[in-house]
Amino acid sequence: MDETTYEIAEKHLEGILGVSRDVIKEQREYLEAGAHWTHASWHVMYSMAGLRALLERLDILLPEKEAARAGGLTLQKIADQAALGGEEKEARMFETIHLTVKNKRLVMARTLGPRKQGTHVDGIVRVTCKTSENFVPGMKMLAIHKEADVWELCGRTPRQRGRW
């Protein structure tokens with residue numbers, strides 16, 4: 001897992017760390033938005049650096065990989081367990097670059113993070129959604145691959161212009 005890739009879902013950290021979601025949410029204000037965490041669709045996603053910073057804020061010390069007991073938690077185990085599951089496991093993060101005028105159900109987006117083989121060369125894809133009226137350029141979203149360069153929004157659309 002890359003240090004800057006947002007693959008750790010906040011909603012799963014609650015059960016893994018044994019800390020309430022409210023406490024995790026409070027600690028988020030001390031972390032750097034964009035570097036440690038980001039909103040993607042309705043999920044709050046953490047990077048590996050963000051997970052380290054969060055654990056430090058919560059005073060949770062994890063042993064090094066070599067010193068960990070069998071079955072004990074390590075940083076990598078937490079990251080693996082907190083990743084999105086099910087169909088969302090295949091979701092990738094995108095950033096909206098512009099909206100199509102003719103088709104209100106389509107958003108053009110750029111891939112964030114590493115690109116998979118077989119996707120569009122420059123990382124620009126079409127993301128289908130219920131309606132694109134509240135999307136603005138720069139919003140981050142999670143999408144699931146459907147075919148060629150067509151992806152489908154994972155979750156709900158923004159409630160207000162530019163806001164999840």
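The values are calculated or read from the model by the stated rules, or taken from the named source; none is laboratory data. What you see is a predicted model; the values in this text were computed from it and never measured. Neighbour counts are summed over all protein chains in view; Cβ atoms, including those assigned to glycine, are modelled from backbone coordinates with ideal geometry.
Take the conditions at pLDDT below 75 and assigned to a strand (DSSP E or B) and apply them to M108. Does it pass? The answer is no for M108. In segment 114-161, of all residues being acidic (D, E) and either at pLDDT 80 or above or part of a loop (DSSP other than H, G, I, E, B) (or both), the one that is surrounded by the fewest Cβ atoms within 10 Å (Cβ to Cβ) corresponds to D122.
Each row is one residue, and each column tells you yes or no for (1) at pLDDT 85 or above; (2) touching a Leu at 6+ places or on another chain (Cβ under 7 Å); (3) under 22 Å from T128 (Cα atoms); (4) loosely packed, with under 15 Cβ neighbours inside 10 Å.
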{"position": "E14", "(1), (2), (3), (4)": "no, no, no, no"}
{"position": "Y30", "(1), (2), (3), (4)": "yes, no, no, yes"}
{"position": "A33", "(1), (2), (3), (4)": "yes, no, no, yes"}
{"position": "H36", "(1), (2), (3), (4)": "yes, no, no, no"}
{"position": "L73", "(1), (2), (3), (4)": "no, yes, no, no"}
{"position": "G86", "(1), (2), (3), (4)": "no, no, yes, yes"}
{"position": "A91", "(1), (2), (3), (4)": "no, yes, yes, no"}
{"position": "E95", "(1), (2), (3), (4)": "no, yes, yes, no"}
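In the set (1) over 26 Å from A49 (Cβ atoms); (2) assigned to a loop (DSSP other than H, G, I, E, B); (3) at pLDDT 75 or above, the condition left unmet by K102 is number (3).
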